[in-house]
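Beneath this line is the structure, given in structure tokens, with notes to follow.
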Amino acid sequence: DAGGTQQLGSVFVQDTVAVSDRLTLVLGAHGDSWHSEAKATAYSKTLGSLNPRVSGSYRVADSGVTVRGSVYHGFRAPTLNELYRSFSSGNTQTRPNEALGPERLTGGDAGVMINRGRASARVTGFWNVLDGAITTVTLSSTPQLIVRQRANADTLHAAGIEFEGDLRLPASFS
């Protein structure tokens, strides 16, 4: 018994457009609906979210170099555990929070990929902003008992660079 019910629904559409033999655009959107209802209280919440995504890639002549980028939004509803289930571990008790809101992400990335025969290398930079991140906050702390509760945090920022290399082996190798 989770202490409540949750209903999720989503729709996804995407279209890939080959603008030219070198330029490709991808347009998409993900629509979400979320309804949560507590069993022990009269609390209920219904939300919707539209999360668009636009990405593109451009192949630079016959150089083996491709430049790509994307911008996007995302949505994550709280889980039943985060909303309605308490749990304990040792002397730490974690309480749920039925008033939690969803996490919402806004981000983008850009990168370059170089292909040479069976080898490729890629570098991608990314930037993300997560609003309403679900975390656990400490309400009280004594040597006998630590009480925590799930809560929506303010805003988190994440940025970085990812490096990737790939080597495709001959088909005769296993």
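Among the trypsin sites (Lys or Arg not before Pro) found in segment 51-136, those both in a DSSP coil and sparsely packed, with 14 or fewer other Cβ atoms within 10 Å of their Cβ, are Arg118. When the Cα positions of Tyr43, Ile146, Val60 are compared along the charge dipole of the chain, Val60 comes out farthest toward the positive end, with charges on each C-beta of Lys, Arg, Asp and Glu.
Rolling a 1.4 Å probe over the protein heavy atoms leaves Tyr58 with an accessible area of roughly 100 Å². Amide H contacts under 5 Å for Thr92: Ile146, restricted to partners 5 or more places along the chain or on a different chain, H placed in the peptide plane at 1.01 Å from N.
Expected output is a single nm value to one decimal: the length gained when fully extending between Arg148 and Ala121, i.e. 0.36 nm times separation in residues minus the C-alpha distance. What is it? Display every interim value, and only then the final one.
Details: separation 27, 0.36 × 27 = 9.72 nm, distance 4.46 nm.
Difference between extended and current length: 5.3 nm.
Rounded, prolate or oblate: which one fits segment 68-174, using the alpha carbon gyration tensor with axes a ≥ b ≥ c (rounded when a/c is under 1.5, else prolate when a/b beats b/c, else oblate)? Don't jump to the answer; show the numbers that get you there.
Numbers: a/c = 3.26, a/b = 2.21, b/c = 1.48.
Since a/c reaches 1.5 and a/b is larger than b/c, the shape of segment 68-174 is classed as prolate.
Using a 1.4 Å probe, what is the accessible area per residue for the chain, in Å²? Mind showing how you got there, number by number?
Numbers: 10810 Å² over 174 residues.
Accessible surface, normalised per residue, equals 62 Å².
In segment 126-174, what chymotrypsin sites (Phe, Trp or Tyr not before Pro) fall in a loop by DSSP, with at most 11 other Cβ atoms inside 10 Å?
Working: sites: Phe126, Trp127, Phe163, Phe173; in loops: Phe173.
Listed in order of number, the matching sites are Phe173.
For segment 1-151, the fraction of 1.4 Å probe accessible surface lying on carbon and sulfur atoms is 57 percent.
Per-residue 3J(HN,Hα) values for segment 77-82, derived from phi via the Karplus relation 6.51 cos²θ - 1.76 cosθ + 1.60 with θ = phi - 60°, read 6, x, 7, 4, 4, 5 Hz in sequence order (x marks Gly and Pro).
The values are calculated or read from the model by the stated rules, or taken from the named source; none is laboratory data. None of these values were measured; they are calculated from a predicted model. Neighbour counts are summed over all protein chains in view; Cβ atoms, including those assigned to glycine, are modelled from backbone coordinates with ideal geometry. When the accessible area is computed, the model is the full protein with side chains, heavy atoms only, and any ligands, DNA or RNA have been set aside. Shrake-Rupley method; radii C 1.70, N 1.55, O 1.52, S 1.80 Å.
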